[in-house]
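> Before I ask anything, here is the structure I am working with.
The values are calculated or read from the model by the stated rules, or taken from the named source; none is laboratory data. Predicted model, so just to flag it, every value in this text is computed and none were measured. Every residue, glycine as well, gets a Cβ built from its backbone with ideal geometry; the counts of neighbours run over all protein chains shown. Surface accessibility is based on the protein's heavy atoms, side chains included, excluding ligands, DNA and RNA. Shrake-Rupley method; radii C 1.70, N 1.55, O 1.52, S 1.80 Å.
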Amino acid sequence: MTTELIVTGRARRRGIPSRRRHEPLLRRIALRSPVYLVLVVASVLSLIPFAWMVIASTHKTSDLFVTPLPLLPGGEFWQNLGRLQESVGFGQVMINSVLVAVLYTVFSSIISVMCGYGLATYRFRGRGVLMGVILVTMMIPMQVLLVPLFQMMASAGWIDSYQALIIPFLANAFGIFLMRQGFLDFPTTLIEAARIDGASELRTFYRIVLPVARPQIAALIIYTFISQWNSFIWPLLMLNSEDKYTIPVALNTMIGLSRVDYSGLMLGSLLATLPLFLLFLVFQKQFVAGLLGGAVKG
Amino acid sequence: MTASLTVRERGTRRAPGGTRTAGARLAGRRQRPGLWFALPAAALLLIFFAYPLATSLLQSFFSTKGGESTFVGLDQYARLFRDPLVLKSLGTALLILVVQVPIMIALAVGLAYILNQAWVRFRSGFRLIIFLPAITTLVAYSVVFRVMMTTDGGALNQILGVFGAGPIDWLNNEWWARVAVIASITWRWTGYNMVIILAGLQAIPAELYEAARIDGAGRWQTFWHIVVPQLRPVLIFTIVTSTIGALQLFDENFILTGGGPNNATLTPVLYLYKVGFQQFDFGYADAIAWMLVVLTAIIAVIQFRVLREKP
């Protein structure tokens with residue numbers, strides 16, 4: 001489940017060794033420069049939207065469509081921020097997004113870890129059925145549930161509430177599956193030892209299993225947080241009052257305004273990306289493992 | 001999502017009896033705790049997955065337009081085949097599938113292969129930069145692309161202008177809107193797939209390269225006869241997740257083009273959204289949803305088939 005990546009260390013040593021050490025210099029340059037060209041072009045293409053996001057969010061909207069484009073950040077950052085706050089209450093929106101994402105992540109992760117552990121470690125009646133349901137849930141597109149869940153939320157009077165964003169998706173099949181796979185590799189001897197020492201099941205889980213499984217749980221937490229942070233269609237359906245909007249919904253409203261505040265929009269996009277970016281900087285390894293889910297078994 | 005299953009399956013096969021060891025050793029002695037651990041998830045799945053799923057299937061046999069619910073049997077499903085917008089939205093998905101996915105996977109494989117060469121300098125730096133787009137919030141990056149793709153004075157047209165290419169009406173011309181969607185998705189997901197493929201490349205044992213070299217294989221031969229076959233499961237994973245992604249595309253098109261112009265970039269989910277929540281034709285929306293289920297299932301089956309076949 002740990003996919004080593006971006007992160008260097010082992011990866012660096014693992015590359016394919018170069019084939020001939022003593023190729024003539026000119027030949028080597030001729031062979032290698034196109035490769036660097038490709039990499040540089042790909043990097044520039046990857047970075048342009050980010051650069052533009054940063055530059056545009058520090059200029060006036062009227063400066064974003066002139067020729068030539070501003071190539072350096074301007075001095076309008078605070079004005080843009082002020083307008084963003086005024087038009088959609090961006091501070092509140094940010095708080096809402098963090099609140100929903102954190103609450104969802106906490107509860108959903110607990111449920112995933114518990115269920116994954118239960119499925120991997122014990123045999124119990126209904127285990128097969130539950131496993132089957134989880135596999136089916138993973139295969140069925142979430143959109144099937146849009147209409148019936150909407151109706152459920154409507155009849156429960158939950159529309160325009162955060163519980164409607166959080167509760168229906170708390171049991172995250174993919175998260176559970178990820179945890180189950182992780183716990184299958186868990187050293188059984190550790191659990192046995194704890195039992196022999198007379199620890200209860202819950203204590204074993206809490207004291208032995210959780211600390212050892214920390215890296216994979218970190219990956220789960222990050223994956224869960226990102227999926228909630230990015231969630232758009234469901235909050236769009238559920239939320240009506242502007243002061244409850246999450247970031248994606250707020251950005252969408254800004255596009256719909258009659259006079260679009262483009263620099264505010266770019267600043268909003270920047271602020272929406274920033275938390276994920278920081279998360280990535282701090283937890284690169286877990287971040288990537290979480291994003292990739294079970295793609296490659298490391 | 002589906003695909004991770006299969007690739008996981010492979011992992012399980014490699015270390016057989018993972019379940020069995022853990023399960024059997026603890027079996028018999030204690031069964032109850034397992035149930036308690038799984039109970040919250042099971043209850044939630046029952047209420048918020050199984051129940052609405054059943055409702056939506058049931059409702060797809062009813063006409064629910066205008067608040068009245070009348071049983072119409074398979075009419076909603078028959079309607080799917082006569083509805084030009086269903087065809088159009090499936091066409092968009094198909095276009096993404098046959099144009100965007102191959103381009104993206106080829107780019108990802110190429111970049112991953114390059115970044116797996118030991119002599120390339122600043123590899124981790126390049127890797128990081130090319131992966132960055134995968135970190136952006138879906139809606140945020142769509143917004144940025146929409147602003148960049150503004151026809152008059154938008155950043156993209158200005159960059160094109162530097163190279164002497166005329167301004168393109170990205171979002172209002174049917175074909176350019178499709179190009180815009182394809183370009184955006186490719187930007188967002190290439191680095192992500194590259195990283196998965198890179199992890200797959202790194203799992204190829206060095207001895208295989210050695211053996212190929214001893215047998216006198218050239219670069220291309222090594223690539224086609226060693227790298228590609230070894231990478232097969234990972235490639236299938238990326239292709240299948242991208243395929244399912246194409247079927248479930250919503251955010252990008254909703255923000256970039258709203259499905260327009262003239263429904264040129266309408267996706268099945270976008271259509272479902274419009275039918276369900278703008279026209280409040282719930283029964284028909286459910287039928288569209290189940291069409292997606294069937295298509296996803298077909299893809300999953302094909303995927304299992306292909307995976308099982310020995311190369």
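> Among the residues of region B:288-297, which ones are open to solvent by 50 Å² or more (accessible area, probe 1.4 Å) and closer than 16 Å to residue B:242 by Cβ?
Matches in region B:288-297: B:295 only.
> Further question: For residue B:81, indicate whether it is open to solvent by 20 Å² or more (accessible area, probe 1.4 Å), touching a helix residue (DSSP H, G or I) at 6+ places or on another chain (Cβ under 7 Å), under 27 Å from residue B:240 (Cβ atoms) and in a helix (DSSP H, G or I).
no
> Right, something else. Collect the residues in region A:254-284 that are in contact (Cβ under 8 Å) with a residue 24 or more places away in the chain, open to solvent by 40 Å² or more (accessible area, probe 1.4 Å) and more than 17 Å from residue B:136 (Cα to Cα), keeping them in residue-number order.
Those that are in contact (Cβ under 8 Å) with a residue 24 or more places away in the chain, open to solvent by 40 Å² or more (accessible area, probe 1.4 Å) and more than 17 Å from residue B:136 (Cα to Cα): A:257, A:262.
> Follow-up. Could you grab the pairs with beta carbons closer than 7 Å, sequence gap of 6+ or different chains, first residue in region B:212-229 and at the interface with another protein chain (Cβ under 10 Å from one of its Cβ atoms), second one modelled with pLDDT of 85 or more and not in a helix (DSSP H, G or I)?
Correct list of pairs: B:227/B:204.
> Right, here's the next one. So the check is Cβ under 8 Å with 6+ separation or different chains; which pairs have a first residue in region B:57-80 that's basic (Lys, Arg) and a second one that's open to solvent by 40 Å² or more (accessible area, probe 1.4 Å)?
B:65/B:279; B:65/B:280
> Being farther than 22 Å from residue B:232 by Cα, facing another protein chain (nearest Cβ under 8 Å) and part of a helix (DSSP H, G or I) is the filter here, so list the residues in region B:96-133 that pass it.
B:123, B:124, B:126, B:128, B:129, B:130, B:132, B:133
> I'd like to check something: does region A:125-140 contain any residue that is in contact with a Cys (Cβ under 9 Å, 6 or more places away or on another chain) and small (Gly, Ala, Ser)?
no
> Here's another thing I want to ask about it. Would you check which residues across region B:182-230 are out of contact with any helix residue (DSSP H, G or I) (no Cβ under 9 Å at 6 or more places or on another chain) and in a helix (DSSP H, G or I) and list them?
B:207, B:210, B:214, B:219, B:220, B:224, B:229
> Right, residue A:168: open to solvent by less than 20 Å² (accessible area, probe 1.4 Å), in contact with an Asp or Glu (Cβ under 9 Å, 6 or more places away or on another chain) and within 12 Å of chain B (Cβ to nearest Cβ) or not?
No; evaluated as a whole, the condition is false for this residue.
> Could you name every one of the helices (runs of 4 or more DSSP H) located completely within region B:1-63 that has at least 2 residues being closer than 28 Å to residue A:170 by Cα and at pLDDT 50 or above?
Hits in region B:1-63: B:32-45, B:51-59.
> Scan region A:133-159 residue by residue and report those that are part of a helix (DSSP H, G or I), at pLDDT 90 or above and out of contact with any helix residue (DSSP H, G or I) (no Cβ under 7 Å at 6 or more places or on another chain).
Those that are part of a helix (DSSP H, G or I), at pLDDT 90 or above and out of contact with any helix residue (DSSP H, G or I) (no Cβ under 7 Å at 6 or more places or on another chain): A:151, A:154, A:155, A:156.
> May I ask you to say which residue of A:208, A:196 is of a type in the set (A, V, I, L, M, F, W, C), farther than 18 Å from residue A:134 by Cβ, open to solvent by 30 Å² or more (accessible area, probe 1.4 Å) and touching a Leu at 6+ places or on another chain (Cβ under 9 Å)?
Going through A:208, A:196 in turn, just one is of a type in the set (A, V, I, L, M, F, W, C), farther than 18 Å from residue A:134 by Cβ, open to solvent by 30 Å² or more (accessible area, probe 1.4 Å) and touching a Leu at 6+ places or on another chain (Cβ under 9 Å): A:208.
> State whether one or more residues within region B:185-204 are open to solvent by 30 Å² or more (accessible area, probe 1.4 Å), on the phi < 0 side of the Ramachandran plot and modelled with pLDDT under 85.
The answer is no, given that none of the residues of region B:185-204 is open to solvent by 30 Å² or more (accessible area, probe 1.4 Å), on the phi < 0 side of the Ramachandran plot and modelled with pLDDT under 85.
> Kindly evaluate residue A:154 against the criterion of being without any contact (Cβ under 8 Å) to a residue 40 or more places away in the chain and more than 7 Å from every other protein chain (Cβ to nearest Cβ).
Spelling it out, residue A:154 is indeed without any contact (Cβ under 8 Å) to a residue 40 or more places away in the chain and more than 7 Å from every other protein chain (Cβ to nearest Cβ).
> Next up: Please enumerate the residues belonging to region B:241-269 that are more than 11 Å from chain A (Cβ to nearest Cβ) and open to solvent by 10 Å² or more (accessible area, probe 1.4 Å).
Result: B:242, B:243, B:257, B:260, B:261, B:262, B:263.
> Of a type outside the set (Ser, Thr, Tyr), exposed (fewer than 15 other Cβ atoms within 10 Å of the Cβ) and in contact with a Pro (Cβ under 6 Å, 6 or more places away or on another chain): does that describe residue B:229?
It is true that residue B:229 is of a type outside the set (Ser, Thr, Tyr), exposed (fewer than 15 other Cβ atoms within 10 Å of the Cβ) and in contact with a Pro (Cβ under 6 Å, 6 or more places away or on another chain).
> Restricting attention to region A:72-80, does a residue exist that is loosely packed, with under 15 Cβ neighbours inside 10 Å and either farther than 23 Å from residue A:52 by Cα or aliphatic (A, V, I, L, M) (or both)?
Checked against the condition, which is being loosely packed, with under 15 Cβ neighbours inside 10 Å and either farther than 23 Å from residue A:52 by Cα or aliphatic (A, V, I, L, M) (or both), region A:72-80 yields at least one hit.
> A further question follows. Can you run down the residue pairs with Cβ atoms below 7 Å, 6 or more apart or on separate chains, where the first is in region A:36-58 and free of Cβ contacts under 8 Å to residues at least 40 places away in the same chain and under 16 Å from residue B:194 (Cβ atoms) and the partner is open to solvent by less than 10 Å² (accessible area, probe 1.4 Å) and assigned to a helix (DSSP H, G or I)?
A:42/B:130; A:43/B:130; A:46/B:130; A:46/B:133; A:46/B:191
> Mind listing just one residue for me: the one in region B:156-173 that is away from every other protein chain (no Cβ under 13 Å) and more than 21 Å from residue B:143 (Cβ to Cβ) and, of those, surrounded by the most Cβ atoms within 10 Å (Cβ to Cβ)?
Taking the candidates together, the pick is B:165.
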